[in-house]
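Working notes for the structure below.
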Amino acid sequence: ADLDSPLPLRTPVKGQPAWASNGLDLCEESSFVDIGSGYGKVVFHAALSAKVSKSLGIEYVPSRATKALEVQADLLDGSRAFMTEESVELVSPPRCVLEQGDATTYGAFKFSHIYMYDRVFNEKTIELLAKQLNKSKFKVMVTYQRVELWKRLGLRNVAHVHSFTMRTTGGQNFKAYILVKET
């Protein structure tokens, strides 16, 4: 199969929503973590678009983590964006949480979906994250590093299922890889 081709359409099982046909889609039953979450943009997108049950951002750099909390406060008080009652609930703690911390010391990630813009992570950080991910029961991980690098640095029991190009807000294009946990 061509890993860069469009994802196949799924045929839903009668009586079940379309995402239930493989259990991998980001949906209301999902939990989401963004490792290296910066200002929280992807965390908010997961919370608002997919309405995930829990959305967490972990940012190592204190100034970025502080800015993310300021953005969240602005969203919640309505000073910079129109937010419906439902939207406010979706981006409010404890459902949507932003933390400053070191994800390499977090322990097992108890989230179904993991996202990380890890192009800037050094190999030691990736190696430490691989140890944490090996303890984790995630279903899907989106990374900007090739699966071969992850596996060389210790990540086990994952399969590369798709690649696609992501465009940053700065206009740069980067290849992202979707990995799924093998059971």
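The values are calculated or read from the model by the stated rules, or taken from the named source; none is laboratory data. Since we're looking at a predicted model, the values are computed, not measured. Cβ: placed from backbone, ideal geometry, glycine included. Neighbour counts: every protein chain shown. Side chains are part of the model used for accessible areas, which takes the heavy atoms of the whole protein and leaves out ligands, DNA and RNA. Shrake-Rupley method; radii C 1.70, N 1.55, O 1.52, S 1.80 Å.
So is residue 70 more than 16 Å from the chain's Cα centre (by Cα), of a type outside the set (Gly, Ala, Ser) and closer than 22 Å to residue 140 by Cα or not? Before the answer, list the steps.
On the way: more than 16 Å from the chain's Cα centre (by Cα): yes; of a type outside the set (Gly, Ala, Ser): yes; closer than 22 Å to residue 140 by Cα: no.
So residue 70 does not fit the description; no.
Taking residue 98 as the residue in question, decide whether it is over 20 Å from residue 59 (Cα atoms) and in contact (Cβ under 8 Å) with a residue 12 or more places away in the chain. Step through it out loud before you land on a result.
Details: over 20 Å from residue 59 (Cα atoms): no; in contact (Cβ under 8 Å) with a residue 12 or more places away in the chain: yes.
Against the criterion (over 20 Å from residue 59 (Cα atoms) and in contact (Cβ under 8 Å) with a residue 12 or more places away in the chain), residue 98 does not qualify.
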Checklist entry - For the stretch 51-83, which residues satisfy the criterion of being in contact (Cβ under 8 Å) with a residue 40 or more places away in the chain and either open to solvent by 50 Å² or more (accessible area, probe 1.4 Å) or among the hydroxyl-bearing types (Ser, Thr, Tyr) (or both)? => result 53, 54, 55, 60
Next on the checklist: Just to be sure I understand, how many residues within the stretch 97-143 are of a type in the set (Asp, Glu) and within 20 Å of residue 53 (Cβ to Cβ)?
Outcome noted: 1
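How many residues are closer than 17 Å to residue 179 by Cβ and either at pLDDT 95 or above or over 11 Å from the mean Cα position of the chain (by Cα) (or both) if we restrict to the stretch 16-30? Talk me through it step by step, then tell me what you get.
Pass one, the stretch 16-30, residues closer than 17 Å to residue 179 by Cβ: 22-26, 30.
Still in the list and also either at pLDDT 95 or above or over 11 Å from the mean Cα position of the chain (by Cα) (or both): 22-25, 30.
Adding up the residues that qualify gives 5.
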